[in-house]
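Q: This is the structure, below, for whatever I ask next.
Rule-based calculations on the coordinates, nothing more; no lab input. In this text, all values refer to a predicted model and were calculated from it rather than measured experimentally. Using ideal geometry, Cβ is built from the backbone for each residue, glycine included, and neighbour counts are taken over all protein chains shown.
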Amino acid sequence: MALPCAAAALTVGLTACAPAAAEPGGPVELSADTMLLDVRTPEEFATGHLDGARLIDFAGGEVQAAIPSLDPDAEYLVYCRSGNRSGQAVALLERAGFTSVTNLGSVEQASAATGLPIVAE
């Protein structure tokens, strides 16, 4: 899929995907059927996030609260400020039975890996 098509899909809430074994900051191929999750705080998200990302505040307990409403068969790319919270969020999702979840590390690593821009509100 071409990047402009993927970016358009991201605008409507669909996001990029990667193989579950991808390393933070490694290149990932974009797809329209994967959710891109930013697990930082709303304040961090407002300063700059990947275009099309959904905010689910890990520190605020939103990841755990969102699990019942998320599709366990979908693919997810997760990032935060440094990769720590995203790693913890990935572990929560995997313990809940999610099988296609990738920690992209920091927002900068996630941008480099996906080719998506960091945008501010």
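Q: What list of ³J(HN,Hα) values in whole Hz, one per residue of segment 101-111 in order, does the Karplus curve 6.51 cos²θ - 1.76 cosθ + 1.60 (θ = phi - 60°) give from phi, with Gly and Pro shown as x?
A: 10, 10, 8, 8, x, 7, 4, 5, 5, 5, 5
Q: Shifting gears a bit: Please give the peptides 50-56, 76-82, 60-66, 89-95 ranked by average Cβ packing (other Cβ atoms within 10 Å per residue), highest first, as a rough proxy for protection.
A: 76-82, 50-56, 89-95, 60-66
Q: Could you tally the net charge around Ile118, taking each other residue with its Cβ under 11 Å from the Cβ of Ile118, Lys/Arg +1 and Asp/Glu -1?
A: -3
Q: For labels at Arg81 and Leu55 in the simple 7 Å Cα→Cβ model, what's the distance in nm?
A: The answer from the label model is 1.5 nm.
Q: Can you list the HN-Hα couplings for segment 38-44, worked out from phi with the Karplus curve (6.51, -1.76, 1.60; θ = phi - 60°), rounded to whole Hz and with x for Gly and Pro?
A: Couplings: 9, 9, 7, 6, x, 5, 5 Hz.
Q: Under 5 Å between amide hydrogens, which residues at least 5 positions from Leu50 or on another chain qualify, with H placed 1.01 Å from N in the peptide plane?
A: Under 5 Å from the amide H of Leu50: Val119.
Q: In terms of modelled amide H atoms, which long-range or inter-chain residues lie less than 5 Å from the amide H of Leu55?
A: Asp38
Q: Sticking with this structure for a sec: What residues qualify as long-range amide H neighbours of Gly105, i.e. H under 5 Å apart, gap of 5 or more or another chain, H built at 1.01 Å from N?
A: For Gly105, whose amide H was placed from the backbone, the distant partners under 5 Å are Cys80.
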